[in-house]
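Inspection log for the structure reproduced underneath, given as structure tokens.
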Amino acid sequence: MKFLFQILYEKLCRVYSELITITECFFLRENLKEKNVLDKDGYIKIQKNLNLNKSKKVFDIVISTRNKSFFINKYHKRTILSKDNLKEFIDLVFDEKFCNFLTFQTGFKYSIDFFGAYENLPIPENERNICWYANHYHLDKPNSQNMLKIFLPISNISINDGPLEVLSINQTKQYFYTKKSSDEFIKNYFVGDLGDMFLCKLNLCLHKAGIPAKKRSTRLIML
């Protein structure tokens, strides 16, 4: 019974996603002259989109004592920004230039409906079968295919710091068609520095949170 319910749920999510996507494209999307990288691959990295001063301000906002930090579990820590800090962050990052860039890339004028600042810690080998912080490959659902997630590093992220791992849209399709292991595909690692941005369509791209090496961590903002 549980298996049948899961299949039904997945089908309903797929139908919902398709209907919402079509509706948004028909009523809300501006005409795009050509398919861009984001539509083709499902992700794009923007290096140093924030200048040094803005990057430092973002860092200061997140570590402010006005915020509240707590552990969701022993390997995942979250930070809740104060109302004033959150407004300052949004005004700082989503200026007119960046909003116009998003519309140019996607054809949409986005609203922000989620914000998260978090830190992922190393998981011992014998506990990695448990999903502590989305550390298993998955697709986001049941969102519209136009949903966009934006990631900003709070600190520099190297391959040893557990960067986000993403398969492109085509790789994701091949994964489901061939049933091959995700290990057989070339993974895209979102390594980066303060000021970088990662734009992703994660209900079209298989992905997971990377696991940091011992004594390291991943610190990200996700919108």
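The values are calculated or read from the model by the stated rules, or taken from the named source; none is laboratory data. It should be emphasised that the depicted structure is a prediction, and the values quoted were computed from it without experimental measurement. Counting neighbours? That spans all protein chains shown, and the Cβs are built from the backbone with ideal geometry, glycine included. The protein model used for the area step is the full one, side chains on, heavy atoms only, and it has no ligands, DNA or RNA in it. Shrake-Rupley method; radii C 1.70, N 1.55, O 1.52, S 1.80 Å.
To the nearest 20 Debye, how big is the dipole of the range 49-95 about its Cα centre, given +1 on the beta carbon of each Lys and Arg and -1 on that of each Asp and Glu?
Computed charge dipole of the range 49-95: roughly 300 debye.
Just one of (1) 54, 39, 35; (2) 49, 47, 32; (3) 49, 47, 35 is Cα extents along the principal axes in Å calculated from these coordinates, so which is it?
Among (1) 54, 39, 35; (2) 49, 47, 32; (3) 49, 47, 35, the one calculated here is (2).
At 222 nm, what helix-only mean residue ellipticity would the chain give, in deg cm²/dmol to the nearest 500, using -39500 (n - 2.57) for each DSSP H run of four or more?
Estimated from H runs of four or more residues: -10500 deg cm²/dmol.
Run the numbers for PHE115 and ILE130: contour at 0.36 nm per residue of separation, minus the present Cα-Cα distance, in nm. Before the final figure, lay out each step's value.
On the way: separation 15, 0.36 × 15 = 5.40 nm, distance 2.45 nm.
Using 0.36 nm per residue and subtracting the Cα-Cα distance, I get 3.0 nm.
If I model a spin label at GLN174 and TYR16 as a point 7 Å from the Cα along the Cα→Cβ vector, what separation in nanometres do I get?
Result for the modelled spin labels: 3.1 nm.
In square angstrom, what is the accessible area per residue of the range 1-137 with a 1.4 angstrom probe?
73 Å²
If we count every other residue with Cβ under 11 angstrom of ILE72's Cβ, Lys/Arg +1 and Asp/Glu -1, where does the sum land?
Surrounding charge for ILE72 is +2.
For the chain, give the magnitude of the charge dipole about the Cα centre (Cβ charges: +1 Lys/Arg, -1 Asp/Glu; no others), in debye to the nearest 20. Don't jump to the answer; show the numbers that get you there.
Values: 34 positive and 24 negative charges, 80 e Å.
So the magnitude is around 380 debye.
Dipole magnitude of the range 1-52 about its Cα centre, charges +1 at Lys/Arg Cβ and -1 at Asp/Glu Cβ only, in debye to the nearest 20?
Using Cβ point charges on Lys, Arg, Asp and Glu, the range 1-52 gives about 180 debye.
Set the Förster distance to 35 Å, then compute FRET efficiency between ILE44 and ARG216 from the Cβ-Cβ distance, nearest 0.05. If you can, show how the numbers build up before the last one.
Details: r = 26 Å, r/R0 = 0.73.
Efficiency, from the Cβ-Cβ distance: 0.85.
What's the center-to-center distance, using Cα atoms, between the range 192-206 and the range 24-97 in Å?
Comparing the Cα centres of the range 192-206 and the range 24-97, I get a distance of 10 Å.
Taking the mean number of other Cβ atoms within 10 Å as a proxy for protection, how do you rank 216-223, 35-42, 65-72 from highest to lowest?
With the highest mean Cβ count within 10 Å placed first, the list reads 216-223, 35-42, 65-72.
Within the accessible area of the chain, what % is carbon and sulfur when the probe is 1.4 Å and the other protein chains stay in place?
56 percent
Quote the convex hull volume per residue of the range 86-172, based on C-alpha atoms, as a whole number of Å³.
154 Å³
Rank-order 75-88, 92-105 by packing density, defined as the average count of other C-beta atoms within 10 Å over each peptide's residues, highest first.
The densest-packed peptide leads the list: 75-88, 92-105.
Could you tell me which residue out of TYR189, ASN120, VAL166 lies farthest along the dipole of the chain toward its positive end? Charges go on the beta carbon: Lys and Arg +1, Asp and Glu -1, centred on the Cα centre.
Projecting each Cα onto the dipole axis, the largest value belongs to ASN120.
Hey, rough spin-label estimate for HIS138 and LEU8, points 7 angstrom out along Cα→Cβ, what's it come to in nanometres?
Inter-label distance under the simple model: 2.2 nm.
With a Förster radius of 25 Å, plug the Cβ-Cβ distance of GLU30 and ASN51 into 1/(1 + (r/R0)^6) and report the FRET value to the nearest 0.05. Could the numbers behind the result be given before it?
Values: r = 28 Å, r/R0 = 1.12.
It comes out at approximately 0.35.
For the range 71-223, what does the relative contact order come out to in percent, with C-alpha contacts under 8 Å and a separation of six or more?
Relative contact order for the range 71-223 comes out at 35 percent.
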